[in-house]
1. Residue 88 is checked against (1) in contact with a strand residue (DSSP E or B) (Cβ under 7 Å, 6 or more places away or on another chain); (2) surrounded by fewer than 21 Cβ atoms within 10 Å (Cβ to Cβ) and fails just one. What number does that condition carry?
2. Hey, residue 18 hits all of (1) in a helix (DSSP H, G or I); (2) hydrophobic (A, V, I, L, M, F, W, C); (3) in contact (Cβ under 8 Å) with a residue 12 or more places away in the chain but one; which does it fall short on?
3. In the list 69, 81, 106, 121, which residue meets the criterion of being modelled with pLDDT under 95 and either on the phi < 0 side of the Ramachandran plot or in a helix (DSSP H, G or I) (or both)?
4. Give just the number: which of (1) in contact with a His (Cβ under 8 Å, 6 or more places away or on another chain); (2) surrounded by fewer than 18 Cβ atoms within 10 Å (Cβ to Cβ) does residue 120 not satisfy?
5. I'd like the full set of residues that are out of contact with any Lys or Arg (no Cβ under 9 Å at 6 or more places or on another chain) and closer than 26 Å to residue 179 by Cα, limited to the stretch 21-41.
6. Can you tell which of 12, 59 is more than 18 Å from the chain's Cα centre (by Cα) and charged (D, E, K, R)?
7. Out of the residues in the stretch 148-180 that are under 18 Å from residue 291 (Cβ atoms) and within 11 Å of ligand 1 (Cβ to nearest atom), state the one that is surrounded by the fewest Cβ atoms within 10 Å (Cβ to Cβ).
8. Enumerate the strands (runs of 3 or more DSSP E) found wholly within the stretch 164-216, keeping only those where 1 or more residues are among the β-branched types (Val, Ile, Thr), within 16 Å of ligand 2 (Cβ to nearest atom) and under 20 Å from residue 37 (Cβ atoms).
Amino acid sequence: MNLVSEPLIGTDVERAAALLRKGKLVAIPTETVYGLAANAMDSTAVAGIFEAKNRPAFDPLIVHTHSFDEFRRFAEAIPADARRLAEALCPGPVTFILPKHSIIPDIVTAGLPTVGLRVPDHPVALDLLRSLGFPVAAPSANPFGYVSPTTAQHVADQLGDRVAYILDGGPSRVGIESTIIDFSLETPRVLRLGGLSLESLEQMLGHELHVKLSSSRPAAPGMLIAHYAPAKPVRVGDLDALLAEHAGERAGVLAFSSHRNAIDPSLQRVLSPAADLREAATNLFGYLRELDAMPVDVVLAEWLPDEGLGRAINDRLRRAAASTATDHKGEAR
Ligand code: TXA
Ligand code: MG
C-alpha cells in the first residue's frame with residue numbers, strides 16, 4: 001500500500017492521462033490560461049466540471065483536441081473560412097464554433113447545436129491529448145466568474161480541493177483566453193476577443209469580422225457582461241482621474257506602462273513597462289490576483305490602447321468592473 005500521498009501539482013503527463021481516463025478532473029496548462037479538463041465523451045466526468053466551478057449549466061464548454069484533423073470527428077460541417085483559418089492557426093489561441101456532431105454529449109455544449117473546438121498551443125497539453133485518444137472539455141480552471149489562472153499555483157489556490165491533479169506546464173505564455181469565432185452562422189462572428197488579435201484574424205481572412213461580444217440575457221452562453229472579476233471592486237478609466245476620485249480610500253493600482261509617483265509602489269502593478277500589449281496580456285490575471293490580495297478597498301485600472309491584444313485586455317477590465325457595479329459583494333462567483 002502506498003502511504004505517501006501523491007503531490008497535487010506535478011509534471012507527470014501519464015498520471016494526468018490515467019486520471020482523465022478514470023473520469024477525474026485534471027487541471028491542464030495551455031498557452032492562454034489553465035483549463036479544468038475532463039473526458040469530453042464522458043457526461044458524468046463533464047458534470048464534475050460544472051460542479052467544481054459552480055458554473056451554470058447553460059454555459060457551454062470548449063472541446064480541446066490535439067489537431068485540426070480531429071475537428072472532422074466532432075463538427076458536422078467545417079465552412080471554407082473556418083478551414084482556412086484553422087489550418088493556419090491550429091495549434092493556437094483561437095476557438096472555432098462549429099455545428100456540433102452528435103457524438104459530443106449535450107452537457108458539453110449546454111444543449112446548443114454548436115460546439116467550440118480548439119487546439120491548444122502548449123507542448124504538454126498536446127502530449128497529453130495525443131496520448132488520450134479522446135478530447136477534453138475544459139473551461140478556464142477558476143471558480144465561475146473569477147479571474148482565470150495562468151499558473152498551476154493559481155489553480156491550487158482556488159480549486160485545489162476539487163481536482164485530482166494539476167499538470168504543471170509553467171506560466172501561460174499568452175495569459176488571456178482564446179479568441180472565439182462563431183462559424184456556425186452565415187457570416188462568421190467574433191464572440192470573445194482573446195489571445196489572437198482581431199487585426200491578425202481579419203488580415204488572414206482578407207475581410208472584416210463582425211464582433212458581437214456581450215449579452216445581458218442570462219440564458220445566453222458565456223460572454224456575461226459581469227465576469228473575470230477579482231473579489232475586490234474594480235474601477236477602470238483614466239487613472240489620474242480615478243485616483244483623484246478615490247483619494248480617501250486604500251487603492252491598488254493596475255497601470256499600463258508607468259508607475260504613479262504619488263502612490264505607494266507596493267500597491268501598484270505595471271502591466272508592461274515597455275508598453276508591449278503581449279507582455280501586458282501575460283501579466284494581466286496574475287496582477288489582478290496580486291492586487292486582490294493586497295490590503296486595499298478598491299482596484300483602480302487604466303484603459304490600454306484599444307488595438308491588438310489591448311482590446312481583449314480592455315474587454316476583461318470592463319467585465320471585471322461591471323461585476324463590481326452589479327452584484328458584487330466580495331464573493332467569487
Ligand atoms: O483559452 C481558452 O479558451 C481557455 C483554455 C482553457 O482553453 N478556455 C476557456 O474556457 O476560456 P471558458 O469555459 O472559461 O470560456 C469559454 C467560453 C464561454 O464563455 C462559453 O460560453 C463559450 O466559450 N462557448 C463555448 N462553447 C460555445 C458555443 N458552442 N457557442 C457559443 N459560445 C461557446
Ligand atoms: Mg472562463
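The values are calculated or read from the model by the stated rules, or taken from the named source; none is laboratory data. Computed from a prediction, not measured in an experiment: that's the story for all the values here. Glycine gets a Cβ as well: all are built from the backbone with ideal geometry, and neighbour counts include every protein chain shown.
1. It is condition (1) that residue 88 fails.
2. (3)
3. Answer to the check: 81.
4. Every condition holds for residue 120 apart from (2).
5. In the first step, residues of the stretch 21-41 are kept if they are out of contact with any Lys or Arg (no Cβ under 9 Å at 6 or more places or on another chain); the result is 21-24, 27-29, 33-35, 37, 40-41.
Hits for the stretch 21-41 are 27, 28, 29, 33, 34, 35, 37, 40, 41.
6. Values: 59 fails: more than 18 Å from the chain's Cα centre (by Cα).
It is 12.
7. As a first pass, look at the stretch 148-180 and keep what is under 18 Å from residue 291 (Cβ atoms): 148-151, 153-154, 157-158, 171, 175-176.
Next, from what is left, pick out any that are within 11 Å of ligand 1 (Cβ to nearest atom): 148-150, 175-176.
Details: 148: 25, 149: 27, 150: 28, 175: 27, 176: 27.
Across the stretch 148-180, the extreme among qualifying residues is 148.
8. Numbers: elements: 165-167, 179-182, 189-192.
Those strands (runs of 3 or more DSSP E) span 179-182.
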